[in-house]
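Before any comments, here is the structure.
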Amino acid sequence: MFGVRRLALAGTAAMLSIGALGLTATTADAASGCYGIGGGKYNCHVWKDATSYFAGDRPAGVLHAGTNYFYCQAVGTERVDGPYRNKWYAKTDDDSGNRGVWVNVIYLSGGGNDEPVPGLPYC
């Protein structure tokens with residue numbers, strides 16, 4: 001089942017020609033998930049500031065909205081934010097200086113409810 005975010009992105013893509021806007025391939029890839037940048041890292045678009053978590057579901061810090069790198073994704077405790085829900089988490093280094101922390105993928109563009117984010121490998 002497609003999530004609301006994925007449907008909104010599909011509608012936007014259908015209305016606008018990516019070539020006419022002069023967008024790069026990586027920009028188009030980011031809208032549909034994550035893309036590799038080398039060194040075992042993958043850039044993903046984070047659409048809203050998100051809480052990061054240490055293992056064991058302890059809050060760690062914050063990851064700000066924008067393009068951020070991630071390493072992989074794994075299943076954890078389900079989180080809900082409005083109409084979005086997901087049990088998948090992506091491993092990253094947050095903007096609070098914490099390394100190897102987890103962010104729920106509801107804050108990453110390209111996935112649907114209870115689905116992993118396309119383009120990001122499993123841990």
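Table: residues versus (1) within 18 Å of Tyr122 (Cα to Cα); (2) under 13 Å from the mean Cα position of the chain (by Cα).
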{"position": "Asp49", "(1), (2)": "no, yes"}
{"position": "Tyr53", "(1), (2)": "yes, no"}
{"position": "Ala60", "(1), (2)": "no, no"}
{"position": "His64", "(1), (2)": "no, yes"}
{"position": "Tyr69", "(1), (2)": "yes, yes"}
{"position": "Cys72", "(1), (2)": "yes, yes"}
{"position": "Thr77", "(1), (2)": "yes, no"}
{"position": "Asp81", "(1), (2)": "no, no"}
When both residues are 6+ apart or on different chains and their Cβ atoms are under 9 Å apart, which pairs have a first residue that lies in region 38-51 and is within 15 Å of Tyr107 (Cβ to Cβ), and a second that is aliphatic (A, V, I, L, M) and at pLDDT below 95?
-> Asn43/Ala30; Cys44/Ala30; His45/Ala30; His45/Ala31
For region 45-81, name all the residues that are part of a loop (DSSP other than H, G, I, E, B), at positive phi and at pLDDT 95 or above.
-> none
Taking region 82-116, which residues are part of a strand (DSSP E or B), touching a strand residue (DSSP E or B) at 6+ places or on another chain (Cβ under 8 Å) and surrounded by fewer than 22 Cβ atoms within 10 Å (Cβ to Cβ)?
-> Arg85, Lys87, Lys91
Of all residues in region 103-118, how many are over 10 Å from the mean Cα position of the chain (by Cα) and not polar (S, T, N, Q)?
-> 3
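The values are calculated or read from the model by the stated rules, or taken from the named source; none is laboratory data. Please read all numbers here as calculations on a predicted model, not as lab measurements. Note that we place each Cβ from the backbone using ideal geometry, even for glycine, and neighbour counts take in every protein chain shown.
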